[in-house]
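No lab work stands behind these numbers, since they all come straight from the coordinates. Keep in mind it's a predicted model, so treat the numbers as computed, not measured. Counting neighbours? That spans all protein chains shown, and the Cβs are built from the backbone with ideal geometry, glycine included.
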Amino acid sequence: MKKTLSKNNFHSVGNSVIRNDVIEKVTGTAKYIDDYKFGDMLYGATVRATVPHGNIKSFNSALALKIDGVIAVYTYKDVPGKNEVPFILNDYPLLASDKVLFHGQAIALVVAKTPEIAKFAAKKVEVTYQELPAINDVHQSLKKDAVKIFGNDNIFKRYDIIRGDAENVFEKAAVVVEGKYTTNYQVHAYLETQGMVADPQPDGSIVIYGSMQCPFYIHDAIVHILNVPQNKVRIVQTTTGGAFGGKEDVPSIVAAHAALAAYLSKKPVKIIYSREEDFQAMSKRHPSYIEMKYAADKKGKITAAQVRYILDGGAFSTLSPVVLWRGAVHAAGPYNIPNVKIEAICAATNKVPCGAFRGFGQPQTTFANESLIDELAVKLNISPLELRRINMMKVGSRTATGQKITRSCGLEKVIKQVVQKSDWNKIYLSPEKRTGTIRTGIGIAASFYGVGLGAGGKYLDRAGSYVQVQKDGTVIIAIGNTELGQGVFTVISQIAAEMLGCPYNFVRVLKTDTTRVPDSGPTVASRSTLMSGNAVRNAAGIIRLRIDKMVLEMLNVKSGAVKSNGKNYFLSSDPKKKVRYQDVVKKCYGKRINLTSNGWYAGEDVTFSQETGQGNAYYTYSYSATAAIVKVNTETCEVSVEKLVSGHDIGKALNPQLCEGQIEGGVIQSLGYALTENLIIKNGIMLNPSFAGYLIPTSSDIPEIIPVIVEEPYHDGPFGAKGLGEPPMITPATAIANAIYNATGWRTDKLPVTPEVLLDIKKHLWKKI
Amino acid sequence: MFSRFDYYAPQTLNDAFAALSKNGNARILAGGTDLVVNIRSGKIKPSLIVDLKKIKWLSGVTKTDRGIEIGPLTTMNELAESSLLKGPYSLLSYAAKIMGCYEIRNRATVGGNIINASPGAETLTPLTVLHASVEVSGNNNKKLIPLNKFVTGPNNTVLSGGEIVTKIILPFYPQLTAGYYMRRARVKGMDLASVNCSVLVVNPNNIEKCQVRAAFGTVMPTPYRSQKAEEILSGKKITLDLIKQAASVINSEINPRATSLRATPEYKRFMVEYFLKTGLSKILGVTF
């Protein structure tokens, strides 16, 4: 697509059509997994470890089995295939055999006639342990004499990205700033907890229904665990009540538990987690520890960046290696820096395994680099905006991995609009000039985001589709990506309508099912619009060629360009020559023309090499910046966020209202990450596994949010679109931290910034004076 | 998961007493906003629930010779909207108004709030500074217990198994007596108080007779008042220096527990002076 793209050229894409799942969700008729019932259905409950690290000394299910209504208790011994959940390193056992590595790890499954009996019986299964010393944090984990819980060094994965000669530059640099940053866990807090139903079929196959992001991951997991052929497994996504990465990796565990129980009991088995169980056992955003350094010349040109980035992976690696990778390649920030040294490590601890979460490692590294950029601005005595303007990525810049940005880079426009819409120039004052008990502050943070899996999951970056025009002109579509509330089914429908030339509301997207299209990779990495969008564009384009041929025939012309306004086809050269969409479809059916097609799309190739840490990491990037305006009570140290202006270059907004919704949702999630969400795990035990103890923002905490969309089209995206799912979660937290600094002069090195954290800083500053 | 229990909703207090005396493992249900949560988490496993909601006279706010009488089943929203809880008592209706969320305030009762006796309970510090007394009825007797003797620790009161709280009584106060309730919560919407405080100034316009009371929640197992600190502030013109002295006395007396997840002991200690200063400043209309 060219830059002259304007939405006036389209009848469907670019419009804020009402999302196609809204009625069922708003009226409460949508069917979530707990609404599914099957005849003779049994219920599963999980027996979980009660110590953070230990050898299992004894296991006794006799008491549980005596309880009326209990059908069976299954352990690792009953797994017909491999007792491991396939992620990347396959270190996570489906059910613990001889040892447990975190409090809450699954040991056995109780299957009973009611969920109440199953849960009661799970507590009656007796497990004794020989407790072992537990690793509570990454510093302890990486010590030479530490207990080893993974390999011989407790390191799940390590990456080194080296460009130029950072060490040498730091020695001679005019200005150097450095900082150490820590960020805490974040809980996905999806409304619907994890849940699955496995339904065994008479032919020996099995169907899994459930709340999920990645049906194909689950498909692979079931094959691996049950040791059955690929074609004996079918995974169907049910309406999913929130995901945010939390339904990406760990649902494979829940599904495999249900599948195992159903396979062995030969009855449908449902497993639904309680909120507390979901908190304790499901994945989280990784806590991080980051050491960061920037060098600059006196004019503010950044000459080098150095990062030591450590993630707390928890007890098993799940997707930690790729979370680490994404954070690492973006760790230097959205700046053109010639010398970069990034060392990234994910270490094992005896805590809940961390995994995918919207932003995928980038909220952590962004907190470090964007806090430090602000520090650098202070040291250089230039404004934080000016420093960013001098160094920000533009066409022609290179990333930390040496990738040259050749096109579709809207960072400059994004920052410009965010500055304008936040009234930055009116509000900004340096902290020394602020007075009073309640002080206002404004801060900014910027980021870039590699769309799709890139080199982190290169072979998975493809997608299939199936498009079928029915006799009455309505359309059925199957894709491999899932609807998580982000609105992808709506956007897919818009793309199909645009390509086929039919009204948007003629299109229906089927629930995602692994038997309809080939493995299309996961619904993650803000990739669905790009990948499935292109796959649908491909399939619908094939059908459209056949339709156009028929249109010409019906209009009695030999050749010419056929256009559509969503109702009629007409000749580009003579718009009066038109024919109704449904009449063309009818004619095609009459003439036995196939209006069905598969589609396929594979992302552009990437060249990043793990050995050198250099090369193209992603085929394109989205760019974002958020400005935060806060009020800080300098007495109580309480922070009130007043306004968040969040700007995003996403290539093309196929549905602007949905894009704004994504931005608002991500911004709010990031607000919680910044201020209140504070999961506490002490000696391996989670102390606040509930919404009374773990505080996400309430509606009263939501400030004015101004979403800003910038369109720098990506030539290979559907109508120019890139991706937007995750970027809104990446910058707001750091913008808030920078705004707190601007209000008070208090620089936080940790998230969340609770009043306690600010009080510590305040006391420390007083001591200095 | 819920354990099994019987449910009984008596029409009269006598029927309630009869049911309670027959079952040693019975629990009283008022609003249920604590009880049901505790049953669900398995913290308590009663075999009988006695629901008092059908005994209508147990709810409502009235004015009698004894003072302002509040029925234990009066909900938070009823407290918040009561026309009798104005002036000296307005801090109680304000505390009720910001507790939990609207839906919880429609259920939660003042009797349940004081009997659950959470250290940060919203109504406890206002009732403490208002010198509330609690009328406890047994099968054949009735006694009036001052609130500070009624609450004995977190989730603990002197109430024994067969007894029911039947009234909460607030004494009359001179005109112009005024109070202020403050709390720190982690979010602006629904949260439990991390630390809270009620300040009451009796006779604010008469320096000699002026009496300052301040009760702090979550800094000790039960709402804490410092006699020494109140003496420092009472009967004289209040200055920032006196407030600092009083705060320092309170801080030497309290011992906030380190295991609270809602606020650190350091933060709670820091808030003592802030609460005193803010409360007195709002009540007296002066800036310190």
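Here's the list of aspartates and glutamates a cross-link from B:Lys237 could span, going by alpha-carbon distance under 20 Å and ignoring same-chain residues fewer than 8 apart: B:Glu208, B:Glu273. Convex hull volume of the C-alpha atoms in segment B:60-170, normalised per residue: 94 Å³.
Amide H to amide H distances under 5 Å link A:Gly245 with A:Arg358, where only residues 5 or more positions off or on other chains count and H is placed in the peptide plane.
In terms of its alpha-carbon gyration tensor, segment B:127-180 comes out oblate; a/c meets the 1.5 threshold, while b/c is at least as large as a/b.
Once you reduce segment A:158-194 and segment B:131-174 to the center of their Cα atoms, the two points are 58 Å from each other. Projecting label points 7 angstrom from Cα along Cα→Cβ for A:Leu65 and A:Arg275 puts them 3.7 nm apart.
Principal axis analysis of the Cα atoms in segment A:447-590 yields extents of 52, 31, 24 Å, listed in decreasing size. Binning the C-alpha pair distances of segment A:631-769 at 5 Å intervals from 0 yields a P(r) profile of 2, 9, 17, 17, 15, 13, 11, 8, 5, 2, 1, 0 %, listed from the shortest bin outward.
Give me Rg/Rg_expected for segment A:1-151, where Rg uses Cα atoms only and Rg_expected = 2.2 N^0.38 Å with N residues.
1.62
Across peptide A:680-688, the mean count of Cβ atoms from other chains lying within 10 Å of each residue's own Cβ comes to 1.
With 24 Å as the limit, the listed pairs A:Lys284/A:Lys379; A:Lys31/A:Lys247; A:Lys301/A:Lys416 have A:Lys284/A:Lys379 beyond it between alpha carbons. In chain B, helical runs assigned H by DSSP with n ≥ 4 each contribute -39500 (n - 2.57); averaged across all residues and rounded to the nearest 500, the mean residue ellipticity at 222 nm is -9000 deg cm²/dmol. Packing, as the average of other Cβ atoms within 10 Å across residues, places the peptides B:46-53, A:426-433 in the order B:46-53, A:426-433, highest first. Taking 0.36 nm per residue of separation and subtracting the Cα-Cα distance, full extension of the segment from A:Ser430 to A:Asn381 would add 16.6 nm. Geometric descriptor of segment A:664-716, per residue, is 135 Å³ (volume of the convex hull of the Cα atoms).
Measuring against 20 Å, Cα to Cα, the residue pairs B:Lys143/B:Lys209; A:Lys394/A:Lys643; A:Lys299/A:Lys341; A:Lys57/A:Lys266; A:Lys426/A:Lys643 contain B:Lys143/B:Lys209; A:Lys394/A:Lys643; A:Lys299/A:Lys341; A:Lys57/A:Lys266 as the ones spanning a longer distance. Size estimate for chain B follows the Kirkwood approach: the inverse of mean 1/r over distinct Cα pairs works out to 19.6 Å. By the count of other C-beta atoms within 10 Å, a proxy for reagent exposure, A:Ile225, A:Ile761 are ordered fewest to most as A:Ile761, A:Ile225. Rounded, prolate or oblate, given the Cα gyration tensor of segment B:6-50, with a/c below 1.5 counting as rounded? Note, shape of segment B:6-50 comes out oblate. Give the aspartates and glutamates whose C-alpha is closer than 15 Å to that of B:Lys53, dropping any in the same chain fewer than 8 places away, or say none. Candidates past the 8-residue exclusion: B:Asp15, B:Glu78. When only Cα pairs under 8 Å and 6 or more residues apart are kept, what is the percent relative contact order across chain A? Relative contact order comes out at 16 percent. Going from the residue with the fewest nearby Cβ atoms within 10 Å to the one with the most, A:Arg158, B:Arg186 rank A:Arg158, B:Arg186.
Each Cα pair under 8 Å and six or more residues apart adds its sequence gap; the mean of these over the residue count of segment B:60-170 is a relative contact order of 28 percent. The base-10 log of I(q)/I(0) for the protein assembly as shown, evaluated at q = 0.08 Å⁻¹, reads -0.93 [Debye formula, identical scatterers on Cα atoms, solvent excluded].
Rounded to the nearest Å, what's the spacing between the alpha carbon centres of segment A:490-546 and segment A:647-700? Just the number, please. Taking the Cα centre of segment A:647-700 as reference, the centre of segment A:490-546 is 29 Å away. Taking every C-alpha pair closer than 8 Å and separated by at least 6 residues, the mean separation divided by the residue count of segment A:666-758 gives a relative contact order of 40 percent.
Sparsely packed loop sites in segment A:447-495 (the chymotrypsin sites (Phe, Trp or Tyr not before Pro) outside DSSP H, G, I, E and B with at most 12 other Cβ atoms within 10 Å) do not occur. Fewest-first ordering of A:Ile56, A:Ile235, A:Ile740, B:Ile164 by other beta carbons within 10 Å of each residue's beta carbon gives A:Ile56, B:Ile164, A:Ile235, A:Ile740. Taking 18 Å as the straight-line reach from the Cα of B:Lys142, the lysines in range (excluding those fewer than 8 positions away in the same chain) are B:Lys167.
With 30 Å as the limit on Cα-Cα distance, the pairs of A:Lys148/B:Lys268; A:Lys82/A:Lys143; A:Lys99/A:Lys682 that go past it are A:Lys148/B:Lys268; A:Lys82/A:Lys143.
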